[in-house]
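Heads up: the structure comes next, in structure tokens.
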Amino acid sequence: MKNAKVVGIDIGDYRIKVSYIVKGKITEFFYENVPDNAVRGGMIQFWDAMAEFLRDTFKAHKIRCRNVIFSVPVSGVYVRTVELPVMTVKQLDLNLPFEFHDYISDNTDKYFYDYAVIERSDKNMKLLAVACSKELIERYRTLAKNARLNAVGLVPDVIGIQRILIRYNQLYSVQRDKDYAILDMGDQSFKIHFYNHGVYDVTRSLEPGGYSFAETISSITGTDVHIARISEEENVDDIQTHEKLVQLYESRAVEIMRALNFYSYSNTANTIDTLYYFGGSGNIRRLVQILSETLNIPVRPLSVLNGTKDESMRDIFNLSPHSYGITLDPDEEAEPLSEEEISDISRCHESYDTAEKEDVEKKNVDTETLAGSGDSGEDALKSGGSAVNGADKPAEAEGRDGSAKKESGDEEKLHRLEDRDEILVRLDDSEPEDRNRKEDISSKEENIEKETKAVQESTLKSIEELTEQLSRGNVGEL
């Protein structure tokens with residue numbers, strides 16, 4: 001990486017997450033809540049306001065580094081695998097736009113294209129190609145300029161995770177044909193990213209996301225939705241076991257199970273043996289428990305793929321691996337860990353998980369004791385008697401929740417800004433769907449019940465639709 005100091009920025013619907021990297025090492029990681037409705041579906045709605053917010057955030061955290069790389073949601077880019085005859089870079093520049101002809105309805109000249117070589121033989125080569133609208137690239141450049149920052153890169157979030165997986169494979173000497181399923185438990189939607197042989201393949205989106213849980217708690221307790229988020233994450237008065245919440249958790253677990261089954265049906269030779277998760281809803285212990293009980297494979301936090309004992313790295317991996325992954329140098333190969341180092345790191349992860357479980361159990365016991373001597377869970381929250389509404393805890397307080405493939409020889413790399421005139425990546429111009437719509441709570445409950453009953457009936461139809469879609473080409477968003 002040419003920049004000794006760089007800041008990775010992941011701007012989500014609920015939070016902005018920032019990783020400050022100095023000489024390849026994480027120096028600081030923090031997050032801040034973004035203004036309401038400033039971001040939808042990962043796409044910024046108010047660019048001027050976001051620039052001011054970034055400027056104030058950097059000042060508040062005393063970050064003086066101005067070189068930044070932005071993580072861009074997969075919903076805003078086209079990422080696909082293509083196979084072509086071996087050709088020169090100039091020939092690729094001419095041919096890549098045609099590979100996206102079926103996916104871009106607008107003029108292809110309005111997009112910037114980039115690629116990385118995955119495999120190469122004497123006659124053919126397999127590429128991971130991306131396309132991004134020049135207009136969106138310019139918007140990010142302007143955003144950085146107005147925030148008094150220097151944009152040195154724009155990278156799809158799925159590529160950031162891919163770089164983490166490749167680094168994990170190198171550290172732990174994992175076979176290159178290993179497949180992965182990564183669950184992003186986001187605010188507006190959940191997404192499962194599939195990686196074939198460590199290279200991004202496809203994404204399955206599931207709506208709504210964690211925000212729907214907070215809305216339900218808000219309706220149950222009569223509290224503000226922001227307070228409801230904290231109540232859920234900290235499991236105040238054992239709110240996670242409420243019947244309405246459990247229904248939502250179970251419904252979401254079934255959807256995730258179906259998505260995994262769809263992928264396995266279409267990729268029978270896949271080697272996926274674990275579902276790794278990250279994101280704000282990963283803090284919901286009851287949701288993770290239900291997910292583990294529903295799936296026939298282990299469910300583990302993405303932080304277990306962290307090849308160090310650094311606790312700050314655990315926070316990054318559990319909340320925003322994108323902000324860290326996009327800063328990794330795809331040209332740099334990690335030195336494999338020794339068996340002793342791997343065992344030491346594994347013991348560290350296990351001891352942390354054990355301590356966390358014991359802490360959760362202790363909190364549950366304390367909650368039950370308090371509940372037995374006073375109001376019920378709902379009444380306590382409504383009356384403002386819980387710690388969340390106490391005068392000593394501000395409403396905005398939050399608990400922390402948590403690439404291109406390395407090539408050998410003369411294989412091409414994904415270009416960075418220093419190598420080309422454009423920032424990496426292409427995004428489309430379509431406006432994201434408004435996912436912040438409010439629904440009547442009673443209607444929502446009916447929809448959940450109907451959806452749960454219809455799961456088995458729709459499975460065969462969904463499999464047929466997915467198979468037909470995949471037969472038409474490999475797209476970045478199902």
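The values are calculated or read from the model by the stated rules, or taken from the named source; none is laboratory data. Quantities reported herein were computed from a predicted structural model and do not represent experimental measurements. A quick note on method: Cβ atoms are made from the backbone with ideal geometry, for glycine too, and the neighbour counts reach across all protein chains shown.
Condition check ((1) assigned to a loop (DSSP other than H, G, I, E, B); (2) in contact with an Asp or Glu (Cβ under 7 Å, 6 or more places away or on another chain); (3) over 26 Å from residue 119 (Cα atoms)) across all residues:
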position	(1), (2), (3)
19	no, no, yes
26	no, no, yes
32	no, no, yes
52	no, no, yes
55	no, no, yes
62	yes, no, yes
71	no, yes, no
79	no, no, no
93	no, no, no
Would you call residue 242 buried (at least 19 other Cβ atoms within 10 Å of the Cβ) and not β-branched (Val, Ile, Thr)? yes
Among the candidates 231, 251, single out the residue that is polar (S, T, N, Q), in a helix (DSSP H, G or I), farther than 17 Å from residue 179 by Cα and at pLDDT below 95. 231
Specify the residue that is nearest to residue 25 (Cα to Cα); the eligible residues are those in the stretch 298-311 that are modelled with pLDDT of 95 or more and of a type in the set (A, V, I, L, M, F, W, C). 302
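Could you tell me whether any residue of the stretch 320-339 is part of a helix (DSSP H, G or I), surrounded by fewer than 22 Cβ atoms within 10 Å (Cβ to Cβ) and under 18 Å from the mean Cα position of the chain (by Cα)?
In the first step, residues of the stretch 320-339 are kept if they are part of a helix (DSSP H, G or I); the result is 321-325, 339.
Subsequent filtering for residues that are surrounded by fewer than 22 Cβ atoms within 10 Å (Cβ to Cβ) retains 339.
Filter again for under 18 Å from the mean Cα position of the chain (by Cα), leaving none.
The answer is no; no qualifying residue exists.
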Considering only residues of the stretch 46-78 that are crowded, with 20+ Cβ neighbours inside 10 Å and among the β-branched types (Val, Ile, Thr), which is farthest from residue 162 (Cα to Cα)? 68
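For (1) touching a helix residue (DSSP H, G or I) at 6+ places or on another chain (Cβ under 8 Å); (2) over 19 Å from residue 195 (Cα atoms), each residue gets a yes or a no:
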position	(1), (2)
252	yes, yes
256	yes, no
260	no, no
264	no, no
278	yes, no
290	yes, yes
317	yes, no
Taking the conditions exactly as written (farther than 29 Å from residue 271 by Cα and of a type in the set (S, T, N, Q)), does residue 124 satisfy them or not? no
Filter result (outside any loop (DSSP other than H, G, I, E, B) and under 17 Å from the mean Cα position of the chain (by Cα)) within the stretch 172-197: 180, 181, 182, 183, 184, 185, 190, 191, 192, 193, 194, 195
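Here is a check on your reading of the model: is residue 325 at pLDDT below 95 and of a type in the set (Gly, Ala, Ser)? Steps first, answer last, please.
Details: at pLDDT below 95: no; of a type in the set (Gly, Ala, Ser): yes.
No: the conditions fail for residue 325.
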Considering only residues of the stretch 198-232 that are of a type in the set (Val, Ile, Thr) and over 20 Å from the mean Cα position of the chain (by Cα), which is surrounded by the fewest Cβ atoms within 10 Å (Cβ to Cβ)? 225
Of all the residues that make up the stretch 5-26, how many are over 19 Å from residue 75 (Cβ atoms), out of contact with any Cys (no Cβ under 9 Å at 6 or more places or on another chain) and among the hydroxyl-bearing types (Ser, Thr, Tyr)? 1
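Given the criteria in contact with an Asp or Glu (Cβ under 9 Å, 6 or more places away or on another chain), at pLDDT below 90, farther than 24 Å from residue 200 by Cβ and not in a loop (DSSP other than H, G, I, E, B), does residue 346 qualify?
When the stated conditions are applied, residue 346 does not pass them.
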Within the stretch 257-275, of all residues that are in a loop (DSSP other than H, G, I, E, B) and not polar (S, T, N, Q), the one farthest from the chain's Cα centre (by Cα) is 269
Positions within the stretch 280-297 being in a helix (DSSP H, G or I) and either at pLDDT below 95 or of a type outside the set (Val, Ile, Thr) (or both), in sequence order: 280, 281, 282, 283, 285, 286, 287, 289, 291, 292, 293
If we keep only residues of the stretch 148-186 that are out of contact with any strand residue (DSSP E or B) (no Cβ under 8 Å at 6 or more places or on another chain) and over 19 Å from residue 328 (Cα atoms), then the residue surrounded by the fewest Cβ atoms within 10 Å (Cβ to Cβ) is 175
Would a scan of the stretch 254-270 turn up a residue that is surrounded by fewer than 23 Cβ atoms within 10 Å (Cβ to Cβ), of a type in the set (A, V, I, L, M) and over 30 Å from residue 116 (Cβ atoms)? yes
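What do you reckon, is residue 88 in contact with a Pro (Cβ under 6 Å, 6 or more places away or on another chain), surrounded by fewer than 21 Cβ atoms within 10 Å (Cβ to Cβ) and over 28 Å from residue 279 (Cα atoms)?
Details: in contact with a Pro (Cβ under 6 Å, 6 or more places away or on another chain): no; surrounded by fewer than 21 Cβ atoms within 10 Å (Cβ to Cβ): yes; over 28 Å from residue 279 (Cα atoms): yes.
Answer is no for this residue.
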